[in-house]
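Engineer: Have a look at the structure that comes next, please.
The values are calculated or read from the model by the stated rules, or taken from the named source; none is laboratory data. Keep in mind that this is a model prediction, so the values were computed, not measured. Positions of Cβ are generated from backbone atoms using ideal geometry, with glycine treated the same way; all protein chains shown enter the neighbour counts. The accessibility values were calculated without ligands, DNA or RNA, using every heavy atom of the protein model including side chains. Shrake-Rupley method; radii C 1.70, N 1.55, O 1.52, S 1.80 Å.
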Amino acid sequence: MENRLIKRHQQIAELYLSNREKIYRFFVGRIHSPADAEDLTQDVFVRLLEHNMMFCSDTVEYLLFTIARNLLNDYLRRYYKRQEISTYLYNVYPVASDDTENRVLAADLQLHELHKMSQLPPQRRKIYQLARFEEKSVSDIALQLELSFRTVENHLRIGRKEVREYMRRCM
């Protein structure tokens, strides 16, 4: 069993070497972000590693591009949903006025957010802080902290959820 696993990993390593550039160009040509394209390219091969079924050497390239296309669809769906939310928030919520009450409320909310952020686990706190207050992208945070894109994405999602739930209770 272990011997088959080693052989499978070697096959995938060979596939990575021979197909990485084609898949990378596939992503770059569609999303125009080299960092995100690199992350998605790596995700294709991670998915292939997780793929429990046997694959035929004649059709494995089709499988790789099917995985790539599915990952691209997921990426674009998230991207356009973020754009939609940003547009909605921009159009629905008025620009903050300069009155004292709004400034006091904003300061109070920020104190609550900082308090909850301080209670997050250290790595999640750092990721949340970089994304929220330094406005860094997931890719930039992953590079800076030497973590995988998915790890940063998961920590950020969980951190935001925890802070959001805490803030709802505060309001």
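Engineer: Within the range 79-171, list the GluC sites (Glu not before Pro) lying in a DSSP loop whose Cβ has at most 13 other Cβ atoms in a 10 Å radius.
Structural biologist: On the way: sites: Glu84, Glu101, Glu113, Glu134, Glu135, Glu146, Glu153, Glu162, Glu165; in loops: Glu134, Glu135, Glu146.
Sparse-neighbourhood loop GluC sites (Glu not before Pro): Glu134, Glu135, Glu146.
Engineer: Restricting attention to the alpha-carbon atoms of the range 94-171, what are Rg (one decimal) and Dmax (integer), both in Å?
Structural biologist: 14.2, 43
Engineer: Whenever you get a sec, compute what percent of the accessible area on the chain sits on carbon and sulfur atoms (1.4 Å probe). Please list the in-between numbers first.
Structural biologist: Details: 6620 of 12280 Å².
With neighbouring chains kept in place, the figure for the chain is 54 percent.
Engineer: Further question: Within the chain, what is the number of lysine pairs with alpha carbons under 19 Å apart, leaving out pairs fewer than eight places apart on the same chain?
Structural biologist: On the way: Lys81/Lys136; Lys81/Lys161; Lys116/Lys126; Lys116/Lys161; Lys126/Lys136; Lys126/Lys161; Lys136/Lys161.
Counting lysine pairs in the chain gives 7.
Engineer: If you don't mind, another one. Using +1 at the C-beta of Lys and Arg and -1 at the C-beta of Asp and Glu, which of Leu143, Leu130, Leu120 has the Cα lying farthest in the positive direction of the dipole of the range 100-153?
Structural biologist: Of Leu143, Leu130, Leu120, it is Leu120.
Engineer: Ignoring everything except DSSP H segments at least 4 long, calculate the 222 nm mean residue ellipticity for the chain; use -39,500 (n - 2.57) per segment, divide by total residues, nearest 500. Spell out each step's value before the answer.
Structural biologist: On the way: 7 runs with 141 residues, N = 171.
Per the formula, -28500 deg cm²/dmol.
Engineer: How large is the accessible surface per residue of the chain, computed with a 1.4 Å probe and reported in Å² as a whole number?
Structural biologist: Details: 12280 Å² over 171 residues.
Normalised by residue count, the accessible surface of the chain is 72 Å².
Engineer: So how strong a dipole does the chain carry about its Cα centre when Lys and Arg Cβ are +1 and Asp and Glu Cβ are -1, to the nearest 20 debye?
Structural biologist: Numbers: 27 positive and 24 negative charges, 87 e Å.
Computed charge dipole of the chain: roughly 420 debye.
Engineer: Over all directions, what mean area does the Cα convex hull of the range 1-96 project, stated in square nanometres? Show your work: numbers first, answer last.
Structural biologist: Working: hull surface 33.3 nm².
Taking a quarter of the hull surface, the average projection is 8.3 nm².
Engineer: For Arg160 and Leu49, compute 0.36 nm times the residue count separating them, minus their Cα-Cα distance, and round to one decimal in nm. Let's see the in-between values first.
Structural biologist: Details: separation 111, 0.36 × 111 = 39.96 nm, distance 2.97 nm.
Stretched out fully, the Arg160 to Leu49 stretch lengthens by 37.0 nm.
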